[in-house]
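Colleague: First the structure, then my questions, so here it is.
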Amino acid sequence: MRRVTLSQFLVARQRDKVINADLRLLIETIARACKAISTRVNKGALADGHGGLDTSNVHGEVQKKLDVLSNEILLEANEWGGNLAALVSEEMENPQPIPTHYPRGEYLLLFDPLDGSSNIDVNISVGTIFSVLRCPKNADGSYCDANEQAFLQPGRHQVAAGFAVYGPTTVFVLTVGDGVFGFTLDRETFTFVQTHPEIRIPADTQEFAINCSNARRWEAPVKRYIDECLQGKDGPRGKDFNMRWVASMVADVFRVLSRGGIFMYPRDAKNKDGRLRLMYEANPMAFIIEQAGGEATDGRTRILDLEPHGLHQRCAVILGSKNEVDRVTSYHQ
Ligand code: AFP
């Protein structure tokens, strides 16, 4: 059967009026930037990408050269298209306006340019995560200033979200609100080819993902859920569970999309608001997971309904197979 490329997929979505030309250009541009990042990540120690920098990002985390380079690749790729009002990145404290010599557009782009970067030096998958919102309008129909306030919208307002996982293969996962689709980078033609149409997450699972080194800090509902999984078939769950933890959200989420599972980074005594960032990690992943038939909460509230109060705020994340997320959330009630 003839394979469908990402460009063909997006042309069809535009023809069906699911997306417009500006959003199509935005997604094509992001995918092209992800190809450039993939090439750079795959060079590894053969390039000068290793070793930290002496600079830090807004969270005080030491930036690796690839963090900074990936951020620059995404900024440069997205400044000229005329479809964006501004950009927000994990690596930058404030929104980046579109340079005045380029036209502005209706969309707001948020991204984590290289998530899982602590895994770069040990050759474990990393990725890029992105989220797309519309710039709010004033009463007269003009666009609001693309300042921090314009970005502080709940995740349910997203018009598109996706991620690239730079692993044994580079896969670009995308939703524009009508399901979730995966595209694998064909390195011979250097094009993204659809390999995962209509991804659906099984409602049940026997696999959980959590960093168990935080166990002593967890809240009671999380402790109860994990203890029950560990008791296996002789315990209240009546079945054995497996555990995975890559410590790279894109890799863990892609596995959940591929075969089900529950991914948890709950709040705890140390990470009082959780560790993951709402605007450019939790929200895009929650949109994707829900579009694939899964669920995503912070233990109490649907992630897409959380009202943001800061660009870089953190939140607890419990996402994946519907029946497991429902169970953990019920334990929090
Ligand atoms: P880094 O980008 O600092 O590697 O953090 C990755 C991450 O944000 C997310 O991708 C992982 O799921 C999570 O942190 C891993 O956190 P732990 O290192 O505490 O397990």
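The values are calculated or read from the model by the stated rules, or taken from the named source; none is laboratory data. Everything quoted here is computed from the prediction, not taken from an experiment. Heads up, the Cβs are rebuilt from the backbone with ideal geometry, glycines too, and the neighbour counts pull from every protein chain shown. When the accessible area is computed, the model is the full protein with side chains, heavy atoms only, and any ligands, DNA or RNA have been set aside. Shrake-Rupley method; radii C 1.70, N 1.55, O 1.52, S 1.80 Å.
Colleague: Nearest 20 debye, what's the magnitude of the dipole of the chain about its Cα centre given +1 on Lys and Arg Cβ and -1 on Asp and Glu Cβ?
Modeller: Working: 38 positive and 42 negative charges, 161 e Å.
Around 780 debye, computed over the chain.
Colleague: Any idea how far apart Ser56 and Glu148 come out in nm if each label point goes 7 Å out from Cα toward Cβ?
Modeller: If labels sit at Ser56 and Glu148, their model points lie 1.9 nm apart.
Colleague: Looking at Val256, Ala215, Val122, which one has the Cα that reaches farthest to the positive end of the dipole of the chain (charges on Cβ: Lys, Arg +1; Asp, Glu -1)?
Modeller: Comparing the listed Cα positions along the dipole, Val256 ranks first.
Colleague: Relative contact order, percent, of the chain when contacts are C-alpha pairs under 8 Å separated by at least 6 residues? All intermediate terms of the calculation are to be shown ahead of the outcome.
Modeller: Details: 705 pairs, mean separation 50.9, N = 333.
Computed over the chain, the figure is 15 percent.
Colleague: Rounded to whole Å and ordered largest first, report the semi-axes of the equivalent ellipsoid of the chain derived from its Cα gyration tensor (root of 5λ).
Modeller: 31, 22, 21
Colleague: Then there's this: Equivalent-ellipsoid semi-axes (√(5λ), Cα gyration tensor) for region 166-236, whole Å, largest first?
Modeller: Working: eigenvalues 263, 47, 29 Å².
Over the Cα atoms of region 166-236, the semi-axes work out to 36, 15, 12 Å.
Colleague: Lys239: which aspartates and glutamates have alpha carbons under 20 Å from its alpha carbon, excluding same-chain residues fewer than 8 sequence positions away?
Modeller: Within the straight-line cut-off, Lys239 pairs with Asp204, Glu207, Asp227, Glu228, Glu324, Asp326.
Colleague: Another question, if that's okay. Taking the Cβ of Lys17 as the centre, find all other residues whose Cβ is under 12 Å away and add up their charges (Lys, Arg: +1; Asp, Glu: -1).
Modeller: Working: positive: Arg13, Arg15, Arg24; negative: Asp16, Asp178.
Local net charge: +1.
Colleague: I would also like to ask the following. Please give the helix 65-78 orientation as an angle from the longest Cα principal axis of the chain, in degrees from 0 to 90, rounded to the nearest 10.
Modeller: In the chain, helix 65-78 runs at an angle near 50 degrees to the longest axis.
Colleague: Roughly how many Å² is the accessible area per residue of the chain, as a whole number, for a 1.4 Å probe?
Modeller: Numbers: 14160 Å² over 333 residues.
For the chain, the per-residue accessible area is 43 Å².
Colleague: Also, quick follow-up: Loop-only check: which GluC sites (Glu not before Pro) in region 191-294 are DSSP coil with at most 16 other Cβ within 10 angstrom?
Modeller: Values: sites: Glu198, Glu207, Glu219, Glu228, Glu281, Glu290; in loops: Glu198, Glu219.
Those that pass, being in a loop and sparsely packed, are Glu198, Glu219.
Colleague: Order Phe287, Phe130, most accessible first, counting only protein heavy atoms with a 1.4 angstrom probe.
Modeller: Numbers: Phe287 25, Phe130 0 Å².
Putting Phe287, Phe130 in descending order of accessible area: Phe287, Phe130.
Colleague: Then there is this: Report, ordered by chain and residue number, the aspartates and glutamates lying within cross-link reach of Lys35, taken as a straight Cα distance under 13 Å and ignoring same-chain residues fewer than 8 apart.
Modeller: Asp186, Glu188
Colleague: With axes computed from alpha carbons, what is the tilt in degrees of helix 6-15 against the longest principal axis of the chain, rounded to the nearest 10 within 0 to 90?
Modeller: So the inclination is approximately 80 degrees.
Colleague: Considering the Cα positions of region 207-332, please state its Rg to one decimal place and its Dmax as a whole number of Å.
Modeller: 13.6, 45
Colleague: Can you pull the percent of region 6-196's accessible area that's carbon plus sulfur, 1.4 Å probe, other chains left in place? Walk me through the numbers before you get to the answer.
Modeller: On the way: 4010 of 8030 Å².
Whole-percent figure for carbon plus sulfur exposure: 50.
Colleague: With only alpha-carbon pairs counted, each pair once and no self-pairs, how large is the Kirkwood hydrodynamic radius of region 224-270 in angstroms? All intermediate terms of the calculation are to be shown ahead of the outcome.
Modeller: Values: mean 1/r = 0.0827 Å⁻¹.
Final number for the Kirkwood radius of region 224-270 is 12.1 Å.
Colleague: Taking only the alpha-carbon positions of region 87-167 and ignoring solvent, what does the Debye formula give for the base-10 log of I(q)/I(0) at q = 0.16, 0.18, 0.24 Å⁻¹?
Modeller: -0.69, -0.82, -1.17
Colleague: What are the lysines whose alpha-carbon lies under 30 Å from the alpha-carbon of Lys270, with same-chain residues fewer than 8 places away excluded?
Modeller: List returned: Lys64, Lys65, Lys223, Lys322.
Colleague: Next question, about the same structure. Quick one: how many Å² of Cys144 are accessible to a 1.4 Å probe, rounded to 10?
Modeller: Using a 1.4 Å probe on the heavy atoms, I get roughly 30 Å².
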